[in-house]
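See structure below.
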Amino acid sequence: MYMAEFKLRFGDVKWYVRRIIEASSMEEAEEKAKRYAELMNRGEVEWKLSYLIEAERPLLIGEEELKKLS
């Protein structure tokens, strides 16, 4: 499992969103993320892949994560 962060732009406004990517390798995840951005670019909001990381428990804050930070 991988997590991709995308930079979105609408005129002068920009923000970031994250999506979970199901893939068996980093290369496959990057291909899927880039394709996703291309498909999402059909509207007025411009999508661009910012970065991609491997994630065991993406976007989850639980006891395990809190213990790691302590």
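The values are calculated or read from the model by the stated rules, or taken from the named source; none is laboratory data. Just so you know, these numbers come straight off a predicted model, no measurement behind them. Every residue, glycine as well, gets a Cβ built from its backbone with ideal geometry; the counts of neighbours run over all protein chains shown. Ligands, DNA and RNA are excluded from the accessible area calculation, which covers all protein heavy atoms including side chains. Shrake-Rupley method; radii C 1.70, N 1.55, O 1.52, S 1.80 Å.
So the values come out like this:
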quantity: Some residue of the stretch 22-34 being touching a residue at least 40 places away in the same chain (Cβ under 8 Å) and either assigned to a strand (DSSP E or B) or open to solvent by 100 Å² or more (accessible area, probe 1.4 Å) (or both); calculated: no
quantity: Hits in the stretch 1-18 - residues which are part of a strand (DSSP E or B), open to solvent by 90 Å² or more (accessible area, probe 1.4 Å) and within 16 Å of E56 (Cα to Cα); calculated: R18
quantity: Checking L59 against (1) outside any helix (DSSP H, G or I); (2) more than 14 Å from E5 (Cα to Cα), the condition it does not meet; calculated: (2)
quantity: Yes/no for E64 being surrounded by 10 or more Cβ atoms within 10 Å (Cβ to Cβ) and part of a helix (DSSP H, G or I); calculated: yes
quantity: Tally of residues being of a type outside the set (V, I, T) and farther than 13 Å from K7 by Cα across the stretch 23-56; calculated: 18
